[in-house]
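The values are calculated or read from the model by the stated rules, or taken from the named source; none is laboratory data. Here the structure is a predicted model, which means the values were calculated and not measured. Cβ placement follows ideal geometry from the backbone for every residue including glycine, while neighbour counts extend to all protein chains displayed. Only protein heavy atoms, including side chains, enter the accessible area calculation; ligands, DNA and RNA are left aside. Shrake-Rupley method; radii C 1.70, N 1.55, O 1.52, S 1.80 Å.
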Amino acid sequence: MSAAEHTKDDTSVVDMPMHDKICIRDLTVRNIIGVDAWERSKRQPIIINLTVYTSVSQAGDTDHLPYSIHYGVLCKTVEAHSEKSEFRSVEALADSIARVVISKCHAPKITVRIDKPRALLHAASAGVEITRSRSDYTEGELTGTVPCPIRFNHHDIIFVKDLKLSCIIGEQLVVLNLQIYPGMDDTPDRKADYVSSTHNYRTIVRTITKYIEASSYKTVEAFVTSVARIAIEKCHVSKITVKMEKPSAIVFAGSAGVEITRDRAFFASAAAANKTHTRGASSISTIPGFGHTSAGNAIPKRGPVPAHLSHEVFLALGSNLGDSAANLTNALKMLEQGDHVRVVDTSFLYETPPMYVTDQPPFLNAACKVKTDLAPLELLKKIKDIEAEMGRDFNTIRNGPRPIDIDILLYDSIEYKDDTLTIPHIAMQEREFVLRPLCDIAKDVEHPKLYRHISQLLSQLLLKQEEASPGSDSNIHKSFPLRQKIVHWDAKTLIMGILNTTPDSFSDGGDYSTAEAAALRAQQLVDDGADIIDIGGMSTRPNSEEISEEEELRRVIPVIQLLRARGFEAPISVDTFRAVVADKSIEAGADLINDVSAGKRDPAMFSVMAKWNVPVCLMHMRGDSKTMMTQTNYGEKNDVIGEIGRDLGKSIQRAIAAGVHRWNIIPDPGIGFAKDSEQSLQVLRRLPELMQAESSPLAGYPSLVGPSRKAFIGQLTQQPDATKRAWGTAAACTASVAGGAGIVRVHDVKEIRDVIKVADAIWRV
């Protein structure tokens, strides 16, 4: 670095206190580093700032030229090194410059800041700042004889400068500056030129922009807090500083704003302080034959994900031999055997045509997210053991029929390749049957090599398929398992026939209060066209009296048992909010749980749902039968749609956390429950917004709608007799089909059957 040409053995500078700094500002070079704002791989300008920590005491005291700094040598060394090589990330370039300056210019310590001006469309620049000392590297890493993985230190930052967002606060646009603190990084198998998605500014900005521009804020404090929360909770950043400015906030000032720094611990403690849901044990009946009378029958409760399971992995699953749905469920259970893997999310199910080898049955495909402490090859071994135990023959034709197939798609954000495993999965971007389920649970996750979110990869693939075969159907069907059959949600609207075994239901109370009468009615409903029979033992009409758990069991279980004993094959749903009733009903032969409280009334309900792995309906409701119609106030804007989405979204997340598979979850907006007539009509009008809008927490889920004979129909038709509201119910069911409902729940099955056929022909194209 000096004109005296120091040697490696010359430690005079190194041994001196490094209180002084030598600075190089805004050195511009051109380099291929990742992609530009348009995601093209081309040479781009890079701005480099260097701070060398040293001592200038000798030159200062003696004014002797050999002790002075030769800035030209330093600049030419950095410039030549930067422009002769290509790098996939600014982190890799910064680390490489630090090693070159330390090894060739003999700097004891250096800070390297790199700005990439064209990194993002709506930001001035993005980049990284790192500080390194000679002690941070081995001799082999400095000389280049061994690979040098990127290791972040506590004082390193990744930054985004002047990001302009079209989120309006007080009718003005805002400018963001972000500083992300990666912290110490001890990830195993770290490659030398690799960017974790946790540190990828492109991924972070995309995610923040998407959430922020879909929201509105009254205060800058709420705005910056939301940005920090999204970065930490959605992008898994450990710590971030968010500075927000409003350029025209004050007439005689350049800008006004606020700056905060937040970390994971801050939001974790805030969540713990604001937690409102209790986890008390449910009441357990001990009547003979119904209650859980021994510890061996207790419903297992799923605890939080253990801290040692630190790696996030996405897997693809497929099956086309035997009971495919059961195979997928069993594979997930086997993954969780032991203490090394926890399944934390699952996709919807898709029945897909075979690819590559087409002369075989269709596949049932899904994806899951797991947390694990296994290294990639250890996880692969566990997967292969599961496949072998489940009967997969590895000596048959490649891509042929198989009871189970599990592939590692993504492991954190690493790139890995050897003779047995490639991460990311080498062919995932060309397989719709992989991308569709993966998009359900990882649409905003960025592919480590392709610089695209999973949702973007799916869009690109669909566009290519359309260009190759215009107007063709991919023949992929979102599905769910119901009584050992795979039901396609897009095939038809299912009809759920209502069977109340109660003496006090609002329209048919007392008609089917014996097991024999109920069994005959169930068969009549099926003959009339019902696809599912929903049996309820307690009325939930407004102001109805709640009965005991023992009485509800007495009304429901004998009916299910009698139907199954007579060979009744139609799927049976149990309408209850009590975990014990649901548990005993499934044990007796029911196939679906319909909970009007969405798991709120009984803390054990989600555990029962996860235990049986059956479809579950989660309905929106406030209060109970006595109080629900006093709770129809949805705020100044009467935001009933937003409230339903948010509330059911929380219930869905609690269900998934308890181990319920996403493909088994069916939301119900709860028409007539804690909703007046106008609010019920609003639900029907805006059902597509609730269930299909990308911003809705319920987007992608199939829905159940139950308008049958409800009070709002009686008010509109001036018909006080609930049994005479079939035509009004028909109109509401037609609106439900138009809004995308997957199931309608009705009393008058015979009449509604033809209504649904015509409505399906109009709207299910």
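Rounded, prolate or oblate: which one fits region 630-693, using the alpha carbon gyration tensor with axes a ≥ b ≥ c (rounded when a/c is under 1.5, else prolate when a/b beats b/c, else oblate)?
prolate
So what is the accessible area of region 576-630 per residue, in Å², with the probe set to 1.4 Å?
Per-residue value: 25 Å².
Take the Cβ-Cβ distance between residue 678 and residue 513 as r, set R0 to 35 Å, and report the resulting FRET efficiency rounded to the nearest 0.05.
Once the sixth-power term is evaluated, E becomes 0.50.
State the volume of the convex hull built on the alpha-carbon positions of region 637-753, expressed per residue in Å³ and rounded to an integer.
Roughly 106 Å³ of hull volume per residue.
Assign unit charges at the C-beta atoms only (+1 for Lys and Arg, -1 for Asp and Glu), then state the dipole size of the chain relative to its Cα centre in Debye, rounded to the nearest 20.
Using only the charged Cβ atoms, the result is roughly 740 debye.
Could you tell me the accessible area of residue 234 in Å² (1.4 Å probe, neighbours in place), rounded to the nearest ten?
For residue 234, the solvent-accessible surface is approximately 110 Å².
Just check region 613-654 against the gyration tensor rule for me: Cα atoms, a ≥ b ≥ c as the square roots of the eigenvalues, rounded for a/c under 1.5, and otherwise prolate or oblate depending on whether a/b exceeds b/c.
In terms of gyration-tensor shape, oblate.
Got the relative contact order for region 542-631 handy, in percent, Cα pairs under 8 Å and 6 or more residues apart?
Over region 542-631, the number comes to 31 percent.
Kindly report, to the nearest 10 Å², the accessible surface of residue 125 as traced by a 1.4 Å probe over protein heavy atoms only.
Result for residue 125: roughly 10 Å² accessible.
Once amide H atoms are placed 1.01 Å from N in the peptide plane, what residues at a sequence separation of 5 or more from residue 453, or on another chain, have their amide H within under 5 Å of its amide H?
Residues meeting the criterion, in which the H sits 1.01 Å from N, are 447.
If packing is taken as the average count of other Cβ atoms within 10 Å, what order do 576-587, 538-549, 463-474, 433-444 fall into, highest mean first?
Highest to lowest by the protection proxy: 576-587, 433-444, 538-549, 463-474.
Assigning unit charges at the beta carbon (Lys, Arg +1; Asp, Glu -1) and nothing else, what dipole magnitude in debye, to the nearest 20, does region 417-566 show about its Cα centre?
With Lys and Arg at +1 and Asp and Glu at -1, about 600 debye.
Suppose all protein chains stay in the model; what accessible area per residue would a 1.4 Å probe give for region 318-409, in Å²?
Result: 43 Å² of accessible area for each residue.
Convert 37 °C to kelvin, take the viscosity as 0.692 mPa s, use the Kirkwood radius over C-alpha pairs of the chain as Rh, and evaluate the Stokes-Einstein diffusion coefficient in µm²/s, rounded to a whole number.
The diffusion coefficient I find is 111 µm²/s.
DSSP beta bridges in the chain, what fraction antiparallel, as a percent rounded to 5?
Within the chain, antiparallel bridges account for around 75 percent of the total.
Can you pull the Rg over Rh of region 200-249, Cα-only, Kirkwood?
0.96
Relative contact order for the chain using alpha-carbon pairs under 8 Å, separation at least 6, rounded to a whole percent?
Relative contact order, the chain: 8 percent.
From the protein chains alone at 1.4 Å, what is the descending order of accessible area for 258, 174, largest first?
So, going from the largest accessible area down, we get 258, 174.
Apply the a/c threshold of 1.5 to the C-alpha gyration tensor of region 523-662 and tell me whether it is rounded, prolate or oblate.
In terms of gyration-tensor shape, prolate.
What do you get for GluC sites (Glu not before Pro) in region 677-765 restricted to DSSP loop and a cutoff of at most 15 other Cβ within 10 Å of the site's Cβ?
694
Using a 1.4 Å probe over the heavy atoms of the protein chains, calculate the carbon and sulfur portion of the accessible area of the chain as a whole percent.
Carbon plus sulfur share of accessible area: 51 percent.
Charges on Cβ only, +1 for Lys and Arg, -1 for Asp and Glu, centred on the Cα centroid of the chain; of 631, 100, 536, which one is farthest towards the dipole's positive end?
Projecting each Cα onto the dipole axis, the largest value belongs to 631.
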